[in-house]
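These notes are about the structure you will find just below.
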Amino acid sequence: MINQSKQQNFQKLQALLNELPWYVEEYINHKLRKLSTASLLNYCHDYKIFFNWMIHEQLWTGNMKDIPLERLEKLTVLEVEGFLNFLHYQLQNKELTVNRKLSALKSLFNYLQNIAETKDLKPYIQRNVMAKIEFNDIKESMETKANKMEGKILLGDEYERFRLFVAQEYGELHKNNKKVYNFYQLNKERDTAIISLILGSGLRLSELVGLDLEDIDFSKYTARVIRKGNKEQYVFFSQTAMDDLKEYLAVRESKYQIDKSIKALFVAAPMGPKGKTRRLTARSVEKLVEKYAKAFGKPSLSVHKLRHSFATRYHAEINDVPKLRRQLGHSSIQTTMIYTHIKNDDLKIAVDKMDMPKEFTE
């Protein structure tokens, strides 16, 4: 399975590491097997903000790349609190964002003190100031988070209405705009299949764009994906998603001039006289969802909100948090518990129930 987005993130990660001290690269390499490249890229952006702040505050004079371990070891609690205040008041980061950046720093410093060791088996730093810094107290309950989410996801009949809007009504809405209408006609089966697959499985954006043809098992209604932490998993999807997927595959080769070497499930049409068909990018999927969501009258919808929509409906129909946790690929059940605020034997039956009228599931 080729994941173009992951490869691009890895390249960006390597470029960013060239700007950072050597021990950051060592730490990132230590985490590379356990965390996604997207997460590690975010970590490095956070470290760059921190090191630039140190230079701006004259806690280090010189190049960011040359900040030594000894300087980190001598950081005071007041200095670190100053950085957190800078994030909150000057960069206007929310408390949750400040916590995330602090978590990245805590993880780096913990590595330097408790995991990394010199040739004579001594830790890189003896004193870890980050261990003394507390996270912001986030008092927002799961119920509050669920209430905030509720207005930004598909609920009730909106679920199928949005799918039908993408499949049919968007074209009717723009039939007098030849350019928009023709572009829609070219891509409507693909776009419907994308929306339907997210709504029928809860796949992440990276998982969706990483799919190859061979990853779809048409007999078992599963998609083989690489989840966070590089874990392979077979994820069930609904009958409706399968039907829309088959309609797209029936026109995929003829509409997109597919070369046999292209294994990607979702592709973009070639651009220009020498253009080649290529794997659809994550950004392209985000943009198409934004386009349909705005026209549908629900501009807050995003790929992630469609995933939330699946999870909310799944929980309402199935009410089985462990199954939902596995379907979504959450590492912690606490993450899944949010859907308990908005009893079948296997996931396949559970997902299929979402296709059935209410009277057949009671």
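No value in this document is a laboratory result; all are computed from the given coordinates. None of the values given here were measured: they were computed from a predicted structure. Don't worry about glycine lacking a Cβ; one is built from the backbone with ideal geometry, like all the others, and counts go over all protein chains shown.
Data for the structure
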| read-out | value |
| --- | --- |
| FRET efficiency, 1/(1 + (r/R0)^6) with R0 22 Å, evaluated for Asp243 and Ser219 via beta carbons | 0.90 |
| Prolate/oblate/rounded call for region 224-273, Cα gyration tensor, a/c under 1.5 rounded | oblate |
| Region 11-60: equivalent-ellipsoid semi-axes (sqrt of 5 x gyration tensor eigenvalues, Cα, Å) | 21, 10, 9 |
| Cross-link pairs Lys178/Lys287; Lys6/Lys220; Lys34/Lys132; Lys106/Lys294; Lys178/Lys298; Lys6/Lys287 - those with Cα-Cα distance over 29 Å | Lys106/Lys294 |
| Region 257-287 and region 180-255: distance between their alpha carbon centers, rounded to Å | 14 |
| Prolate/oblate/rounded label for region 6-98 (Cα gyration tensor, a/c 1.5) | oblate |
| D_trans [Stokes-Einstein, Kirkwood Rh over alpha-carbon pairs] for region 164-216, 37 °C, 0.692 mPa s, µm² s⁻¹ | 268 |
